[in-house]
Amino acid sequence: MKKFALINILLITLLISSGCNQSKDAVATIVVNDKSKYADTFEDLNLGVLFDYHFNWLKADETWVNIWIERYEQGNPEPEILEQLIFGLSPNKTEKGNIGFGVINPDGEAASIFLYAPGVTTKPAPMEKFLLDDGVMGWDYTLADEKLELQLGEAYLLALVRESPDNLEFYNIQDESEIEKMINETRGVLLLKIKIDSEEKSVIQ
């Protein structure tokens with residue numbers, strides 16, 4: 001009995017130790033804000049689509065955050081990134097706040113997008129009409145319900161917006177190969193991505 005209890009204690013200790021090691025490697029955490037007043041306002045006013053996240057920047061004084069939007073048409077990427085937001089080297093060791101991505105009037109000629117983060121935002125940038133007259137639009141957070149730990153130098157897909165004629169096919173958005181398949185089989189796709197680096201790096205070459 002004592003031996004069984006000792007094994008259990010050792011297993012718990014190892015699990016806690018492993019969890020601590022993972023947390024130490026994280027430079028930020030992010031989770032969907034499922035009670036976002038911003039998103040509710042967008043929906044109530046029929047302005048478009050808004051994705052909102054709680055963001056905990058654990059190494060704000062040492063790193064740079066890059067958030068950007070990619071657009072694909074018939075599986076082909078647009079030659080340039082639609083929009084990006086870069087910020088970093090905060091005077092504070094840690095920062096907390098909200099980050100997000102909005103699509104305004106996606107079915108109009110005056111469609112636009114914007115990004116925001118703690119203390120910084122982009123002006124709405126015009127883009128080509130996204131939702132065509134014969135199309136239907138869908139959008140999804142690609143994060144699971146739990147908090148995601150962001151590692152240095154790794155790019156993460158946070159959300160997607162897609163547009164197609166007729167019905168939207170079902171894809172498992174937790175599966176990278178399914179997302180690739182969706183991009184290739186869907187008329188229009190917008191992807192929201194984030195990456196944290198130790199130095200300022202733009203995804204626009």
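The values are calculated or read from the model by the stated rules, or taken from the named source; none is laboratory data. Treat the numbers as computed from the prediction; the structure is a model and nothing was measured. Quick reminder, even Gly has a Cβ in these numbers, built from the backbone with ideal geometry, and neighbours come from all protein chains shown.
Kindly check whether there is at least one residue in segment 180-197 that is loosely packed, with under 13 Cβ neighbours inside 10 Å and part of a loop (DSSP other than H, G, I, E, B).
So in segment 180-197, the residues loosely packed, with under 13 Cβ neighbours inside 10 Å come out as 180, 184.
Within this subset, residues satisfying the condition of being part of a loop (DSSP other than H, G, I, E, B) are none.
No, every residue in segment 180-197 fails to be loosely packed, with under 13 Cβ neighbours inside 10 Å and part of a loop (DSSP other than H, G, I, E, B).
Any chance segment 157-179 includes a residue that's small (Gly, Ala, Ser) and either in contact with a Lys or Arg (Cβ under 6 Å, 6 or more places away or on another chain) or closer than 24 Å to Ala39 by Cα (or both)?
Within segment 157-179, the first condition is being small (Gly, Ala, Ser), and the residues that meet it are 159, 164, 177.
Still in the running and either in contact with a Lys or Arg (Cβ under 6 Å, 6 or more places away or on another chain) or closer than 24 Å to Ala39 by Cα (or both): 159, 164.
Scanning segment 157-179, I find at least one residue that is small (Gly, Ala, Ser) and either in contact with a Lys or Arg (Cβ under 6 Å, 6 or more places away or on another chain) or closer than 24 Å to Ala39 by Cα (or both), so the answer is yes.
Residues of segment 32-66 being outside any loop (DSSP other than H, G, I, E, B), in contact (Cβ under 8 Å) with a residue 12 or more places away in the chain and under 25 Å from Glu163 (Cα atoms), which ones?
The initial filter retains those residues of segment 32-66 that are outside any loop (DSSP other than H, G, I, E, B), namely 32, 37-44, 48-57, 64-66.
Okay, now just the ones that are also in contact (Cβ under 8 Å) with a residue 12 or more places away in the chain, so 32, 38-39, 42, 48-57, 64-66.
Once the filter is applied, which keeps residues that are outside any loop (DSSP other than H, G, I, E, B), in contact (Cβ under 8 Å) with a residue 12 or more places away in the chain and under 25 Å from Glu163 (Cα atoms), segment 32-66 yields Val32, Tyr38, Ala39, Phe42, Gly48, Val49, Leu50, Phe51, Asp52, Tyr53.
Considering (1) closer than 23 Å to Asp107 by Cα; (2) surrounded by 12 or more Cβ atoms within 10 Å (Cβ to Cβ); (3) not acidic (Asp, Glu), say which one Ala155 fails and leave the rest.
So the condition that Ala155 fails would be (1).
Kindly evaluate Gly97 against the criterion of being surrounded by fewer than 17 Cβ atoms within 10 Å (Cβ to Cβ), modelled with pLDDT of 95 or more and out of contact with any His (no Cβ under 7 Å at 6 or more places or on another chain).
Numbers: surrounded by fewer than 17 Cβ atoms within 10 Å (Cβ to Cβ): yes; modelled with pLDDT of 95 or more: yes; out of contact with any His (no Cβ under 7 Å at 6 or more places or on another chain): yes.
For Gly97, the condition - surrounded by fewer than 17 Cβ atoms within 10 Å (Cβ to Cβ), modelled with pLDDT of 95 or more and out of contact with any His (no Cβ under 7 Å at 6 or more places or on another chain) - is met.
Could you run through segment 127-168 and say how many residues are outside any loop (DSSP other than H, G, I, E, B) and under 14 Å from Phe101 (Cα atoms)? Walk me through how you get there before you give the answer.
So in segment 127-168, the residues outside any loop (DSSP other than H, G, I, E, B) come out as 135-141, 148-151, 155-165.
Narrowing the set further to residues that are under 14 Å from Phe101 (Cα atoms) leaves 139-141, 157-161.
Result for segment 127-168: 8.
Inspect segment 73-90 for any residue being in a strand (DSSP E or B), of a type in the set (Phe, Trp, Tyr) and within 26 Å of Met182 (Cβ to Cβ) and give the result as yes or no. Walk me through it before giving the result.
Step one: filter segment 73-90 for residues in a strand (DSSP E or B), giving 73, 76-77, 83-88.
Subsequent filtering for residues that are of a type in the set (Phe, Trp, Tyr) retains 87.
Going one step further and asking which of them are within 26 Å of Met182 (Cβ to Cβ), we end up with none.
For segment 73-90, residues in a strand (DSSP E or B), of a type in the set (Phe, Trp, Tyr) and within 26 Å of Met182 (Cβ to Cβ): absent.
Hey, any hits in segment 73-87 for a residue that's over 27 Å from Thr41 (Cβ atoms), touching a strand residue (DSSP E or B) at 6+ places or on another chain (Cβ under 6 Å) and buried (at least 18 other Cβ atoms within 10 Å of the Cβ)?
no
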